[in-house]
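Peer 1: My questions all concern the structure below.
The values are calculated or read from the model by the stated rules, or taken from the named source; none is laboratory data. Everything numeric in this text was worked out from a predicted model, so none of it was measured. Virtual Cβ from ideal backbone geometry, glycine too; neighbours counted across all protein chains shown. SASA here: full protein model, heavy atoms, side chains in, ligands and nucleic acids out. Shrake-Rupley method; radii C 1.70, N 1.55, O 1.52, S 1.80 Å.
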Amino acid sequence: MSAEASITSLQAKFGDAVLETREFRGEHTAIVDREKAHEILAHCRDTLGYDYLIDLCSIDNMGSDPRWEMVYELYTLANGENEHLRIKYTLPEGEKAQSVSDLWPTAKWHEREAYDMMGIEFEGLADHRRILMWEGYPYFPLRKDFPLAGRPSEMPDVAFTERASLAGGPFVTSPTSASTVHREPRSRDME
Amino acid sequence: MPPATAPEEQIHAAYDSKVEGNIIFTQVDTAINWMRKNSLWPMPMGLACCAIELMATGASRFDISRFGAEVMRFSPRQSDVMIVAGTVTYKMALAVKRVWDQMPEPKWCIAMGACASSGGMYRSYAVLQGIDNLIPVDVYVSGCPPRPEALLEGLMKLQDKVQAEESAKAHFKAEKPS
């Protein structure tokens with residue numbers, strides 16, 4: 001079943017729980033209701049054949065409510081159709097996401113990463129250890145309100161951090177059709 | 001009576017093996033440093049792409065064994081010089097320090113490449129801004145990553161530095177009662 005037909009099937013089965021669908025250059029996305037997300041993802045796996053979770057990630061839309069957005073990239077491997085479907089839902093701060101590690105065991109590491117980098121916790125994930133940073137690091141560094149240079153921290157005999165010297169940075173490029181002289185990374189005011 | 005010395009032998013008048021046999025005169029410092037600098041065994045601390053250049057330096061085209069440093073020891077207890085090749089993250093930093101602490105004296109450190117020297121382009125929360133925040137560095141090699149020639153020049157600079165050390169003199173100074 002193609003990704004387009006999968007979305008139609010989801011809409012037929014779950015009705016209003018599929019809030020919005022998008023198509024961009026052959027990529028199909030369904031934005032779904034948070035409460036029904038786990039059920040919909042289970043349906044994708046068991047009925048529609050999306051047996052492979054490529055990736056699970058989170059987006060920090062700081063300043064808007066709800067703040068978090070969860071993204072699930074699904075793929076059909078076993079039936080040979082190679083269809084790619086994306087499921088998204090939003091999540092307010094302070095609420096836990098539903099773990100999908102019962103559906104795809106690979107989700108454990110992805111969810112640990114989402115927890116490590118953004119501090120999103122998962123209902124049903126047995127193992128909330130850090131995966132990239134070390135146990136005891138006090139911050140969630142991929143949040144938008146965390147400075148690029150980092151914050152000082154100290155874990156005796158494990159690790160420490162200091163603020164990195166940005167030396168006038170961050171140095172960023174801006175999209176422009178001007179010459180490379182204008183395009184090259186510079187320190188710019190971030191408004 | 002030996003025959004008159006041929007002109008080409010007179011050039012080597014400073015050391016005449018016929019007269020002096022297997023004896024040379026030197027200073028203890030010079031001899032020790034000469035031995036040390038020509039058998040610097042590296043501890044390869046390959047952490048990123050610099051490690052690929054480090055491997056190239058060890059391979060036949062650049063051949064680090066020309067400088068007596070081909071014996072890559074993966075045990076810190078047998079190493080003389082730690083070549084920190086790559087980005088040192090905070091998570092890795094204490095492991096680097098621990099390996100460094102296990103190396104016996106005398107020991108030296110080469111910070112290879114921009115990341116090991118200063119954090120390089122990684123001005124970020126996760127990266128130690130230069131390995132010299134943790135361990136003393138003798139030679140910094142610039143480049144991102146440095147070419148093998150650059151690392152070899154760094155090694156030669158380190159050899160010059162080792163040759164200039166007061167290895168024995170400092171030892172005897174310490175022994176002398178004050």
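Peer 1: Does A:Gly94 satisfy the condition of being at pLDDT below 90, in a helix (DSSP H, G or I) and open to solvent by 20 Å² or more (accessible area, probe 1.4 Å)? Before the answer, list the steps.
Peer 2: Working: at pLDDT below 90: yes; in a helix (DSSP H, G or I): no; open to solvent by 20 Å² or more (accessible area, probe 1.4 Å): yes.
Judged against the criteria, A:Gly94 is not a match.
Peer 1: Related question: With the checklist (1) crowded, with 18+ Cβ neighbours inside 10 Å; (2) more than 25 Å from A:Arg143 (Cβ to Cβ); (3) of a type in the set (Gly, Ala, Ser) in hand, flag the one item A:Ala37 doesn't pass.
Peer 2: Of (1) crowded, with 18+ Cβ neighbours inside 10 Å; (2) more than 25 Å from A:Arg143 (Cβ to Cβ); (3) of a type in the set (Gly, Ala, Ser), only one is false for A:Ala37: (2).
Peer 1: If you don't mind, there's one more thing I want to ask. Within 14 Å of another protein chain (Cβ to nearest Cβ) and within 26 Å of A:Val18 (Cα to Cα): does that describe A:Met155?
Peer 2: Working: within 14 Å of another protein chain (Cβ to nearest Cβ): yes; within 26 Å of A:Val18 (Cα to Cα): no.
No: the conditions fail for A:Met155.
Peer 1: Here's a check for you: in the range A:144-191, which residue that is among the basic types (Lys, Arg) and under 28 Å from A:Met133 (Cβ atoms) is surrounded by the fewest Cβ atoms within 10 Å (Cβ to Cβ)?
Peer 2: Our first condition is that a residue be among the basic types (Lys, Arg); within the range A:144-191, this holds for A:144, A:151, A:163, A:183, A:186, A:188.
If we keep only those that are under 28 Å from A:Met133 (Cβ atoms) as well, we get A:144, A:151, A:163.
On the way: A:Lys144: 11, A:Arg151: 14, A:Arg163: 14.
Per the criteria, the residue is A:Lys144.
Peer 1: Tell me, which residue of the range B:74-95 that is out of contact with any helix residue (DSSP H, G or I) (no Cβ under 7 Å at 6 or more places or on another chain) and of a type in the set (A, V, I, L, M) is most open to solvent (accessible area, probe 1.4 Å)? Don't jump to the end; show me each part of the working.
Peer 2: Going through the range B:74-95, the residues out of contact with any helix residue (DSSP H, G or I) (no Cβ under 7 Å at 6 or more places or on another chain) turn out to be B:74-75, B:78-80, B:89-95.
Checking the rest, the ones that are also of a type in the set (A, V, I, L, M) come to B:92-95.
Values: B:Met92: 71, B:Ala93: 0, B:Leu94: 49, B:Ala95: 43 Å².
Only one residue tops the list, namely B:Met92.
Peer 1: Is one or more of the residues making up the range B:156-163 of a type in the set (A, V, I, L, M, F, W, C), farther than 22 Å from B:Glu70 by Cβ and crowded, with 20+ Cβ neighbours inside 10 Å? Before you say what the answer is, go through the steps one by one.
Peer 2: The first filter runs over the range B:156-163 and keeps only residues of a type in the set (A, V, I, L, M, F, W, C), leaving B:156, B:158, B:162.
When the remaining residues are screened for being farther than 22 Å from B:Glu70 by Cβ, the result is none.
Within the range B:156-163, none of the residues are of a type in the set (A, V, I, L, M, F, W, C), farther than 22 Å from B:Glu70 by Cβ and crowded, with 20+ Cβ neighbours inside 10 Å.
Peer 1: Looking at the structure I just gave you, is A:Asp102 over 30 Å from A:Gly136 (Cα atoms) and open to solvent by 80 Å² or more (accessible area, probe 1.4 Å)?
Peer 2: Numbers: over 30 Å from A:Gly136 (Cα atoms): no; open to solvent by 80 Å² or more (accessible area, probe 1.4 Å): yes.
It is false that A:Asp102 is over 30 Å from A:Gly136 (Cα atoms) and open to solvent by 80 Å² or more (accessible area, probe 1.4 Å).
Peer 1: Scanning for something of a type in the set (Val, Ile, Thr) and assigned to a strand (DSSP E or B), does the range A:12-19 turn up at least one residue? Can you show your working first?
Peer 2: First, pick out the residues of the range A:12-19 that are of a type in the set (Val, Ile, Thr): A:18.
Narrowing the set further to residues that are assigned to a strand (DSSP E or B) leaves A:18.
Yes, some residue in the range A:12-19 is of a type in the set (Val, Ile, Thr) and assigned to a strand (DSSP E or B).
Peer 1: In the range A:101-125, what residues are farther than 20 Å from A:Arg67 by Cβ and either in contact with a helix residue (DSSP H, G or I) (Cβ under 8 Å, 6 or more places away or on another chain) or within 14 Å of another protein chain (Cβ to nearest Cβ) (or both)?
Peer 2: Result: A:Ser101, A:Leu103, A:Trp104.
Residue-by-condition table, conditions (1) closer than 10 Å to B:Gly86 by Cα; (2) buried (at least 18 other Cβ atoms within 10 Å of the Cβ); (3) in contact with a Leu (Cβ under 8 Å, 6 or more places away or on another chain):
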site	(1), (2), (3)
B:Ile110	no, yes, yes
B:Gly113	yes, yes, no
B:Ser117	yes, yes, no
B:Tyr125	no, yes, yes
B:Leu128	no, yes, yes
B:Asn133	no, no, no
B:Pro136	no, no, no
B:Tyr140	no, yes, no
B:Arg147	no, no, no
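Peer 1: May I pose another question? On the given criteria, is A:Leu125 of a type in the set (A, V, I, L, M) and at pLDDT 90 or above? Break it down stepwise before answering.
Peer 2: Details: of a type in the set (A, V, I, L, M): yes; at pLDDT 90 or above: no.
No; evaluated as a whole, the condition is false for this residue.
Peer 1: Tell me yes or no: at least one residue of the range A:62-70 is out of contact with any Ser or Thr (no Cβ under 8 Å at 6 or more places or on another chain), outside any helix (DSSP H, G or I), of a type in the set (A, V, I, L, M, F, W, C) and open to solvent by 60 Å² or more (accessible area, probe 1.4 Å).
Peer 2: yes
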